[in-house]
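Peer 1: Would you mind keeping the following structure in view while I ask a few things?
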Ligand code: DX5
Ligand code: ZN
C-alpha cells in the first residue's frame, strides 16, 4: 500500500501559493489537491483552470483536481489542457457519470469519482472498473477546517473489500478533517491517498506539518511502500 499525502490548497495562503505548495512537497507530499467550487453544487467559490495552468510549471507532482461543480463536462477539457493529471467528479453532480468519466480519460487524465457523506458506496458499483480513484468525502464539501465524519470509515473499508473481491485497481482517497487525530483510523480502514488542508497549511511550519502527518499515516499502515517519498 503506497500512502501518499495530497495537500489541499484551499487552506493555503493564495498570496504565496507556489511557496506554500513547494513547502508541503518538501515535507513529502507527492500530490497537489486542487479544490474547484462553483457556488452552485457547493456553497463556496474557489478557482478555475488558470490557477492550475499558473501552478503547473512549479512542480512535477501530480495535480489532483477535485471538481465540486455542476456541468463538469463543459470544463473538463480546460482543466486537462491546464495541466491536471487526475480529475475527479461527484457522483451526485453528474447525470451521465459514465460519459463524464470517459470524457476525462479522452482528454488524457485519470478519472476519479467522489461521494458525499450521505451517498452510499453501492451507487458506484457500475463505475468502479472505470476509475483511477474513489474519493470518500469525510466532510460535506465546500469548506476546509470541518470536523471529520466518522461514517466515512466503514465506506472506506467497504470499498477496500469490494476492490479485493472484484480484483479491481482503483485507489481509495479520503478528504475532509484529516489530521493527527483521524489519520491512523482512515489508513487502517484502507485509505491510501490522504487529502489534508488545514492540517498541512495552518501554522508556520508547512513542511513539518506535512512530514509529521505523512509519518503518522505511514506508521499506521500495515505495510507501506516508501518509494517516491521525498522525506526531508
Ligand atoms: C472540502 C475540500 C477539502 C478541504 C479539506 O470541500 O474538498 O479538500 O480543503 O480541508 P481540511 O483538511 O481542512 O478538512
Ligand atoms: Zn477536496
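Peer 1: Mind telling me which of 34, 101, 124 comes out most flexible in a GNM of the chain, alpha-carbon contacts under 10 Å?
Peer 2: Greatest mean-square fluctuation among the candidates belongs to 124.
Peer 1: Rounded, prolate or oblate, given the Cα gyration tensor of the chain, with a/c below 1.5 counting as rounded?
Peer 2: In terms of gyration-tensor shape, rounded.
Peer 1: Report, in deg cm²/dmol and to the nearest 500, the calculated mean residue ellipticity at 222 nm for the chain, where each DSSP H run with n ≥ 4 adds -39500 (n - 2.57) and the sum is divided by the residue count.
Peer 2: Computed ellipticity for the chain at 222 nm equals -10000 deg cm²/dmol.
Peer 1: Which of 182, 46 comes first, and how do the rest follow, when ranked by fewest Cβ neighbours within 10 Å?
Peer 2: Final ranking by Cβ density, sparse to dense: 46, 182.
Peer 1: If you don't mind, there's one more thing I want to ask. Given labels modelled 7 Å from the Cα in the Cβ direction, how far is it in nm from residue 78 to residue 53?
Peer 2: 0.9 nm
Quick note: the coordinates plus some simple rules give every number you see, no bench work behind them. In this text, all values refer to a predicted model and were calculated from it rather than measured experimentally. Cβ: placed from backbone, ideal geometry, glycine included. Neighbour counts: every protein chain shown.
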